[in-house]
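S.K.: Sharing a structure, written as C-alpha cells. Questions coming.
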Amino acid sequence: MTDPRPARVPGPRSLRALAEGCDAHARPAAPDPYGPRDAYGLFGPHTTRPRPEPSPLPPGRPAPAQPPVGAVVFGLALQSLRRGSVSGANPVRGRADAARSIGAGTRAITRLEGALGGHGIGPDARHALLARYGMTDPETRDATARLLHAPDPAALHDSGAGWPQRLAACVGRAGRVRTYALTVFPRVLWTAGYAHALCTAHRMPPGRFTPPARVPEGVPITALLDEMVLCHLWNVDLDPAVTAAQLDHVLGLVAGGTLTVRVIGMHAQPTGAAMITELARAGGRHHLFAEEYDDFSGVHYRTAPSPGPYPGLLDTAESRAMSPTDSLAVLKAARRHATPSPSGGR
C-alpha cells in the first residue's frame, strides 16, 4: 500500500553548519533503543514502545510517602479550572463558592486540589464540582474523575477524553519547566499555526493538538531540542510562514529572558522518547514528569520521589547539548533559512 503522505523534502545538509562557530556534532552514533522511525521521525504505527518502569528502591528502604500521581494531576486540573472560572454567566468566586455549590466545606476543596487525602468528597460531588467549574463535556468529566482511581499510585497513563487540557493545566501551574523534544518543538512552545500544521502534516485528530500548553508568564523554561526538531520543519514541508512564525515565537521568548534553548546533535540524543517535560513546583509543591506519546495520543506521568528514568534522561540531554550561545546561533540560522524568497520559495 502506497504511503499517502508527502515524500520527505530535503532541508539543509546540516542546520548547524549554517551557524558559524557551532563546533559540530561529531559524536558517535548511538543505537536507537526503540527501533526505526518513519519518514516523519515518528515511530511506526505498529511499534509499541516500552513504557518506563518504576526505579527499584534499595533493599530495606521503605517507599517515601507521596500523593498518588492521579490525585496530583486531578488537583492541578481543578486549580486551573477554578482560576479560569472567575468570569462568565455563572462565575466561581473562590473555593468557598465552589464548596457551597456541592455541599462541602472549603477545607475539603483545598485538600482535593492539593492531592491530600481525606477530603471527603464523593464521586457524584466530584462530577458536580467539575461541571460547576465549566467542564461541560461528560466524557471529559468522567476521564478526569477517573484519575483518582488510577491503579498505580506512582505512574499514570492518561489518554482519556480531554488529556491535552489536563496536561495544559499541569503546565499552567508549574514554577519551573525543563523539556526535551526529539522530532517536533515541545508543546509548551507551540504556536497555534504550528500545532495546526502538525495536525495536518501527520493526519491526526485535531483534539490531540489543542489546547496549547502555556507556561505562566515569567516562569523559566529550559528547552532541550534534538537537531531533528529543526530539520523536521523542512522534512514535512511546512508552510514557510508557519515555520518563520514558530521560530520567531521561540526567539522572542529567548530574547525576553524566560527561555533557554540547548540544541543536541542528531546522534547524541539520550533517549528515543518523543517529548519529556519536567514541571517543578507545580501548584507550589508537586514535581511532575510528563512524557507525551509519539503519536500524540496521550501522556505518561510520574512524580518525584519516584520519577523513574526521567531525571537522568533530562540531565544527560542537557550535558550533551550545545551551549545556549551556540544554540541561539543555530536557531537564528534556521530562521534565516525559513525566510521565503521574493519568488515564493525558501
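The values are calculated or read from the model by the stated rules, or taken from the named source; none is laboratory data. This is a predicted model, so every value here is computed, not measured. Ligands, DNA and RNA are stripped out before the accessible areas are found, and what is left, the full protein with its side chains, is counted by its heavy atoms. Shrake-Rupley method; radii C 1.70, N 1.55, O 1.52, S 1.80 Å.
S.K.: Give me the percent of accessible area attributable to carbon and sulfur for region 248-346, probe 1.4 angstrom. All intermediate terms of the calculation are to be shown ahead of the outcome.
M.R.: Values: 1940 of 3640 Å².
Answer for region 248-346 is 53 percent, counting heavy atoms of protein chains only.
S.K.: So with the 1.4 Å probe, I'd like the accessible area per residue for region 110-253, rounded to whole Å².
M.R.: For region 110-253, the solvent-accessible area averages 37 Å² per residue.
S.K.: Rounded, prolate or oblate: which fits region 223-268, taking a ≥ b ≥ c as square roots of the Cα gyration tensor eigenvalues, rounded meaning a/c under 1.5, else prolate when a/b beats b/c?
M.R.: Working: a/c = 4.37, a/b = 1.09, b/c = 4.01.
Here region 223-268 falls in the oblate category.
S.K.: Separate question: Please report the carbon-and-sulfur percent of the accessible area for region 102-221; probe 1.4 Å, protein heavy atoms only, DNA, RNA and ligands left out.
M.R.: Details: 2760 of 4920 Å².
Accessible surface attributable to carbon and sulfur in region 102-221 totals 56 percent.
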